[in-house]
Amino acid sequence: MAGRILLLVLSMNVIFFIVNAVPETCPADLGEKCGVDGEWEGEFFPGIPKIKYEGPSTKNPLAYKWYNAEEVILGEKMKDWLRFSVAFWHTFRGTGADPFGAPTKYWPWEDGTNSIAMAKRRMRANFEFLNKLGVDRWCFHDRDIAPDGKTLQETNSNLDEVVALAKELQGDKIRPLWGTAQLFMHPRYMHGAATSSELGVYAFAAAQVKKAMEVTHYLGGENYVFWGGREGYQTLLNTDMERELDHLARFLEAAVAYKKKIGFNGTLLIEPKPQEPTKHQYDWDAATTLNFLRKYGLLGEFQYLSDPNSAFQMIVDNSVVFVNHGEFKLNIECNHATLSGHSCHHDLETARINGLLGNIDANTGDPQVGWDTDQFMTDIGEATMVMLSVIKNGGLAPGGFNFDAKLRRESTDVEDLFIAHISGMDTLARGLRNAAKLIEDGSLAELVRKRYSSFDTELGGQIEAGKADFEMLEKKAMEGGEPKVASAKQELAEMIFQSAL
Ligand code: XLS
Ligand code: NI
Ligand code: NI
């Protein structure tokens with residue numbers, strides 16, 4: 001009996017050995033791509049060249065048609081206006097799963113695990129992707145890039161291990177556009193993170209943000225994002241909204257204090273979204289978020305920058321740039337703006353005129369689907385309006401355009417990852433070229449200027465300076481008689497806009 005048990009134990013050890021001898025870190029079906037130590041060898045995207053600009057007439061899907069990084073538009077290189085970034089979570093963690101269906105994407109380098117070895121391999125794929133695309137920025141959530149451990153300590157050390165590799169692979173060119181903490185997937189965050197009804201969860205979220213900020217800083221990240229996916233409610237019947245919002249403000253104050261403590265100079269960006277996953281998210285849209293920041297004193301000093309000698313100011317219809325010297329700005333996501341019932345252009349302008357336009361999550365929704373479909377932008381008109389806002393903002397730096405966008409579930413080829421980004425980049429590059437044409441042509445700005453020209457008078461000046469009281473205005477109304485109201489010229493404005501596309 002004892003002999004049999006010994007035999008069994010021995011044979012189990014043999015099986016254990018055989019299983020372990022197969023390199024754990026390489027997918028099973030890769031043949032020669034797995035080295036002896038189980039590490040991936042060679043390219044992740046063989047056959048995909050470095051993507052180059054070939055101009056609008058090329059038929060090559062793996063080439064830029066409109067995005068020409070070094071070309072100067074309105075005094076700046078295209079790459080500086082556009083500051084593109086790849087979103088790690090969609091490009092390297094997106095599986096194509098949806099609430100009704102299983103994953104559809106099986107990238108050759110994936111082994112179906114969430115191990116540290118797999119996380120490192122994905123990181124290598126990420127940097128090959130960035131280098132081939134010619135994009136210098138990437139965005140990540142802490143949990144996209146490294147797996148959860150059994151304790152917070154273990155989770156942090158997993159993160160450190162993967163981040164050390166990312167730092168090495170970044171070289172001296174690539175940096176995070178922003179980092180963020182994923183505070184919505186784990187069940188502990190079901191009631192929210194900073195707005196959870198549980199103090200322990202609030203503390204856990206703080207610890208996670210603290211670590212994510214440190215890591216973003218360590219990698220040379222230029223911004224840090226707060227997207228409050230579960231900072232909201234399902235019903236007000238069980239919710240103390242006032243208390244939750246107070247907690248959120250205290251949480252953000254603590255983040256500012258910590259940012260200063262570690263010497264992180266990046267901008268803190270709040271990303272509004274109206275709902276999904278909660279029924280009602282607190283940072284509904286740009287205006288709601290702005291009001292929240294204002295109520296809690298989280299806006300800094302404002303300053304109008306108007307330098308009549310600057311070429312830029314002359315170009316953009318003499319508009320003044322409104323600068324907010326506070327810690328927070330907004331990260332406007334186009335698909336979130338449309339979910340909240342606005343256009344992307346509306347939320348960008350709301351942020352811009354308040355000095356809060358910090359970054360754009362460049363994606364688009366589907367007019368027939370009522371959720372955050374996170375598609376790559378392809379509408380040239382939308383891209384042109386986006387770029388009008390960006391130019392008027394004087395660019396987005398230190399923010400940029402993060403492709404918070406994913407392949408459709410049915411797009412399953414590795415090259416589709418490239419095609420999607422190239423298409424999104426070309427769409428925005430085309431938007432930039434069109435917006436520059438409109439600004440240089442000046443007739444749209446002139447139409448707007450004329451429309452308000454009745455205020456370019458002595459009384460108009462007094463009104464705008466806050467010096468016109470009701471008696472003065474009554475006098476004008478009585479003396480001037482029935483005012484002549486001019487046409488809004490909407491169709492002409494639309495005609496001018498269309499002619500630039
Ligand atoms: C989700 C958000 C998310 C943020 C980062 O809808 O867009 O991806 O950008 O947490
Ligand atoms: Ni986003
Ligand atoms: Ni989104």
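The values are calculated or read from the model by the stated rules, or taken from the named source; none is laboratory data. Because the structure is predicted, anything quoted here is derived from the model rather than measured. Here the Cβ is made from the backbone with ideal geometry for all residues, glycine too, and neighbour counts use every protein chain on show. What goes into the accessible areas is simple: the full protein's heavy atoms, side chains included, and nothing from ligands, DNA or RNA. Shrake-Rupley method; radii C 1.70, N 1.55, O 1.52, S 1.80 Å.
Here are the numbers for this structure:
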{"item": "Leading residue by the ranking (nearest to ligand 1 (Cβ to nearest atom)) among those in segment 223-246 that are part of a helix (DSSP H, G or I) and among the acidic types (Asp, Glu)", "result": "Glu244"}
{"item": "Considering residues of segment 250-307 that are modelled with pLDDT of 95 or more and polar (S, T, N, Q) only, the residue farthest from ligand 2 (Cβ to nearest atom)", "result": "Asn265"}
{"item": "Test: Thr373 is within 16 Å of ligand 3 (Cβ to nearest atom), among the hydroxyl-bearing types (Ser, Thr, Tyr) and either in contact (Cβ under 8 Å) with a residue 24 or more places away in the chain or open to solvent by less than 10 Å² (accessible area, probe 1.4 Å) (or both)", "result": "yes"}
{"item": "The one condition in (1) in a helix (DSSP H, G or I); (2) without any contact (Cβ under 8 Å) to a residue 24 or more places away in the chain that Gly149 fails to fulfil", "result": "(1)"}
{"item": "In segment 330-355, the residues that are away from ligand 2 (no atom under 16 Å from the Cβ) and of a type outside the set (Ser, Thr, Tyr)", "result": "Gly341, His345, His346, Glu349, Arg352, Ile353, Asn354, Gly355"}
{"item": "Candidate set from segment 159-177 (those that are assigned to a loop (DSSP other than H, G, I, E, B), at negative phi and not β-branched (Val, Ile, Thr)); member that is least open to solvent (accessible area, probe 1.4 Å)", "result": "Lys173"}
{"item": "Among the candidates Arg143, Arg122, residue that is open to solvent by less than 40 Å² (accessible area, probe 1.4 Å), in a helix (DSSP H, G or I) and either touching a helix residue (DSSP H, G or I) at 6+ places or on another chain (Cβ under 7 Å) or of a type in the set (A, V, I, L, M, F, W, C) (or both)", "result": "Arg122"}
{"item": "Given (1) surrounded by fewer than 20 Cβ atoms within 10 Å (Cβ to Cβ); (2) touching a residue at least 12 places away in the same chain (Cβ under 8 Å); (3) over 15 Å from Ala194 (Cα atoms); (4) among the small types (Gly, Ala, Ser), index of the condition Ala254 fails", "result": "(3)"}
{"item": "Residue within segment 465-482 that is modelled with pLDDT of 95 or more, under 37 Å from the mean Cα position of the chain (by Cα), surrounded by fewer than 13 Cβ atoms within 10 Å (Cβ to Cβ) and not in a helix (DSSP H, G or I) present", "result": "no"}
{"item": "Subset of segment 274-296 (residues that are more than 18 Å from His247 (Cβ to Cβ), within 14 Å of ligand 1 (Cβ to nearest atom) and open to solvent by less than 10 Å² (accessible area, probe 1.4 Å))", "result": "Pro274"}
{"item": "Where a residue in segment 178-196 is open to solvent by 10 Å² or more (accessible area, probe 1.4 Å) and its partner, wherever it lies, is within 14 Å of ligand 2 (Cβ to nearest atom) and at pLDDT 95 or above, with Cβ under 7 Å and at least six apart", "result": "Gln182/His141; Gln182/Asp144; Phe184/Pro277"}
{"item": "Within segment 84-115, considering residues that are away from ligand 2 (no atom under 16 Å from the Cβ), open to solvent by less than 30 Å² (accessible area, probe 1.4 Å) and in a loop (DSSP other than H, G, I, E, B), the one nearest to Met387 (Cα to Cα)", "result": "Gly96"}
{"item": "Qualifying residue in segment 454-463 (condition: closer than 26 Å to Val225 by Cα and not assigned by TED's automatic domain parsing to the domain that holds Pro99)", "result": "no"}
{"item": "Counted residues, segment 370-413 - those being within 15 Å of ligand 2 (Cβ to nearest atom), assigned to a loop (DSSP other than H, G, I, E, B) and more than 11 Å from Ile360 (Cβ to Cβ)", "result": "7"}
{"item": "Flag for Asp347 being surrounded by 22 or more Cβ atoms within 10 Å (Cβ to Cβ) and either outside the structural domain of Pro272 (by TED's automatic domain parsing) or over 27 Å from Leu417 (Cβ atoms) (or both)", "result": "yes"}
{"item": "Test result for Ala205, part of a loop (DSSP other than H, G, I, E, B), surrounded by 16 or more Cβ atoms within 10 Å (Cβ to Cβ), away from ligand 2 (no atom under 16 Å from the Cβ) and not acidic (Asp, Glu)", "result": "no"}
{"item": "Residue within segment 63-73 that is in a loop (DSSP other than H, G, I, E, B), among the basic types (Lys, Arg) and outside the structural domain of Val162 (by TED's automatic domain parsing) present", "result": "yes"}
{"item": "Boolean, Arg121 is within 16 Å of ligand 1 (Cβ to nearest atom), touching a residue at least 12 places away in the same chain (Cβ under 8 Å) and among the basic types (Lys, Arg)", "result": "no"}
{"item": "Sole exception among (1) open to solvent by less than 60 Å² (accessible area, probe 1.4 Å); (2) in a helix (DSSP H, G or I) for Gly263, by number", "result": "(2)"}
{"item": "Test for Ala436: is it open to solvent by less than 10 Å² (accessible area, probe 1.4 Å), farther than 25 Å from Trp227 by Cα and more than 16 Å from ligand 3 (Cβ to nearest atom)", "result": "yes"}
{"item": "Pair list, Cβ < 7 Å and 6+ apart or interchain, from segment 157-173 residues that are at pLDDT below 95 to residues that are loosely packed, with under 13 Cβ neighbours inside 10 Å", "result": "none"}
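Listed here are the residues, each with its yes/no results for (1) assigned to a strand (DSSP E or B); (2) at pLDDT below 95; (3) more than 13 Å from Met385 (Cβ to Cβ); (4) more than 16 Å from ligand 3 (Cβ to nearest atom).
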site: Val323; (1), (2), (3), (4): yes, yes, yes, yes
site: Gly326; (1), (2), (3), (4): no, yes, yes, yes
site: Ile332; (1), (2), (3), (4): yes, no, no, no
site: Ala337; (1), (2), (3), (4): no, no, no, no
site: Gly341; (1), (2), (3), (4): no, no, yes, no
site: Asp347; (1), (2), (3), (4): no, no, no, no
site: Arg352; (1), (2), (3), (4): no, yes, no, yes
site: Asn359; (1), (2), (3), (4): yes, no, yes, no
